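Notes follow once the structure below has been shown.
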Amino acid sequence: MRSFFRTPSVRALLPVAASLLLSSCDLLEFSPNDHRAPESERDLTAKNLAMLAQRPLPAGDTLRFVFTGDSQRFYDDAEDLVKSVNQQPGIQFMLVAGDISDFGFAREMRWINDDLRKLKVPYLTVVGNHDLVGNGRKAYEAIFGPRNYSFVYGDTKFIFVDTNGREYNFDGTAPDMTFVKRELADNSVRRHVIISHVPPQDEDFDPALSNSYVTALREDPRLVFELNGHRHAFSIGEVFGDGVTYINSSSFESRQYVVLTVWGDKQFRLKQVKF
Amino acid sequence: MGWIGNGVHTGLPLALCLLVNQTCAQAPEPAAGPFYLTLHVAGGTGLVALGGGYRLARQRLEPELLVGYVPRRLSGSKPLAIFTLKTTYLPWSPRLGQSRWQATPVTLGAMINYTTGQQFFLTNNSAGNYRPGYYWWSSAVRLGLLAGTRVNYGGPHQQSTTAYAELSTNDLHLVSRLTNRSLRLVDILTLGGGLKRGF
């Protein structure tokens, strides 16, 4: 028996067998499109917001958060990103601008959460077009939560919008302009920040809605900036020359992210960090 | 691997044969007729799948068709059906002593399946409003590889019953694993198993 366990191939298989036993529940996949996840990996948006509520930001204090996007099958880079973000001083949370998964599988979203849950700060996501492929919409809603939502932190309201119009065959439902206008009309807070995956100048944004979206943003006196992903490259600018700043995130494999510091009515500073 | 080897590979298989099978020198007798029915559980082909197939290549190859069921609770919307074409290869199935039991320590196989449901596309050109190649994969069709083990009970000229278990993965999980060193093999594996009844 002892010599059996000394056989190199058997010794190589022992850790595999052990990890198989430990993760036997995960091994039972009835379909890769099964949208469910264990309880600890469900409703992550609500759970991260509850964590954020544990460390409130007094009104008037400076807001500082990390902004990135498109984690999309870049698990090796996600590990390094977490190590880097955990060294950033004074940040309050991290935002991921969509495309958490590549193929819209629940398993992929859980893999990313396996990395991002090691952040010292909560993280929040907006849904990306890849998260809507196949059964992805059900998986995203189960694992993260609603595709349109908002929260107030300190004196800033963060508004998350599903702008993946092409995934709905440009049927006029994404972005949900009723939701966008209602959230932007909230004048009980000092500032607004809006975050979505597909930017309004992109061909994947519903062309019938881009004008009303851009107009709603321009007419909001509280809007600090609009945050996007999708393009896998950092950029910042007034895309429409109308006074609204659009910031596009780097993707995980670009191995960089930005730290945004916001104070006053609309003042902000942007720092690029490479890892 | 032959039953009576005469080359450099003779030693080990023959020794193993002698350990488990005293009638090693004979060609394996058919354990059952060529047709069989399958009841399969999990393994990415549905909560349960029913089907059957026809044994080929002196019982070494088992092609089969399975129809799997994914209930509403798992799909999150309408129940789904998964149609799977699968072939299992049985390289070595020694009889255990003089008993009616037969073991296949290792089985290898491949499969292709199609999942029903409006949310899945055969290619992204056939659905929605995408330019060709926008999504390079098909969300409805999965390719899979599997490795497993099995035992079989039943003598010659009788119905036989087979119980098997297998680990499989699919093409997209494999792409994730091959492009990320931090994903472990176990992360992309799926356990499945079932029963086969020959007739």
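The values are calculated or read from the model by the stated rules, or taken from the named source; none is laboratory data. Since we're looking at a predicted model, the values are computed, not measured. Please note: Cβ atoms are built from the backbone with ideal geometry, for glycine as well, and neighbour counts cover all protein chains shown. When the accessible area is computed, the model is the full protein with side chains, heavy atoms only, and any ligands, DNA or RNA have been set aside. Shrake-Rupley method; radii C 1.70, N 1.55, O 1.52, S 1.80 Å.
Protein-only accessible surface at a 1.4 angstrom probe places the residues B:167, A:223, B:96 in the order B:96, B:167, A:223, largest first. By its C-alpha gyration tensor, with a ≥ b ≥ c as the square roots of the eigenvalues, how is region A:38-274 shaped: rounded for a/c under 1.5, else prolate for a/b larger than b/c, else oblate? Because its axes are fairly even, with a/c under 1.5, region A:38-274 counts as rounded. Between region A:83-123 and region B:138-199, what's the alpha-carbon centroid distance in Å? A separation of 32 Å, based on Cα centres.
A cut-off under 12 angstrom between Cβ atoms defines the neighbours of residue A:191, and their net charge, with Lys, Arg +1 and Asp, Glu -1, is 0. May I ask you to find the residues of region A:59-102 that are shielded by at least 40 Å² of accessible area once the whole protein assembly is considered instead of their isolated chain (probe 1.4 Å)? By number: A:73, A:75, A:76. Scalar couplings 3J(HN,Hα) for region B:122-128, obtained by applying the Karplus form with A = 6.51, B = -1.76, C = 1.60 to θ = phi - 60°, are 6, 9, 5, 6, 8, 9, x Hz; x denotes Gly and Pro.
Only protein heavy atoms count here; on that basis, with a 1.4 Å probe, residue A:263 has an accessible area of about 90 Å².
Excluding ligands, DNA and RNA and using a 1.4 Å probe, chains B and A jointly bury around 3500 Å² of accessible surface, summed across both partners.
Could you compute the FRET efficiency for residue B:39 and residue B:136, with r as their C-beta to C-beta distance and R0 at 41 Å, rounded to 0.05? Efficiency for this residue pair is about 0.70. Normalising by residue count, region B:32-198 has a Cα convex hull of 129 Å³ per residue. For residue A:177, the accessible surface of its heavy atoms amounts to roughly 20 Å² (probe 1.4 Å, protein chains only, rounded to the nearest 10).
Counting only other chain Cβ atoms within 10 Å of each residue's Cβ, the peptide A:200-210 averages 0. Stretching residue A:236 away from residue A:215 to a fully extended chain increases their span by 5.7 nm, per 0.36 nm per residue minus the current alpha-carbon distance. Counts of other chain beta carbons within 10 angstrom of each beta carbon in peptide B:116-122 average 3.
For the protein assembly as shown, the fraction of 1.4 Å probe accessible surface lying on carbon and sulfur atoms is 59 percent. On a per residue basis, region A:46-129 carries 32 Å² of accessible surface, using protein heavy atoms and a 1.4 Å probe.
Let me know the shape class of region A:62-173, please: from the alpha-carbon gyration tensor, a ≥ b ≥ c as square roots of the eigenvalues, rounded when a/c is under 1.5, otherwise prolate if a/b is greater than b/c, or oblate. It is oblate, given that a/c is not under 1.5 and a/b is not larger than b/c. Solvent-accessible surface (1.4 Å probe) assigned to residue A:167 amounts to roughly 40 Å². Taking label positions 7 Å along the Cα-Cβ direction at both residue B:145 and residue B:87, the computed distance is 1.6 nm, reported to one decimal. Positive contributions from Lys and Arg (+1) and negative ones from Asp and Glu (-1), summed over other residues with Cβ under 15 Å from the Cβ of residue A:27, come out at 0. Classify region A:225-275 from the C-alpha gyration tensor, please: rounded if a/c falls under 1.5, else prolate or oblate depending on whether a/b exceeds b/c. Because a/c hits 1.5 or more and a/b fails to exceed b/c, region A:225-275 counts as oblate. Heavy-atom accessible surface of region A:170-256, averaged per residue, reaches 40 Å², computed with a 1.4 Å probe.
Taking every residue in B:104-113 and counting other chain Cβ atoms within 10 Å of its Cβ, the average works out to 0.
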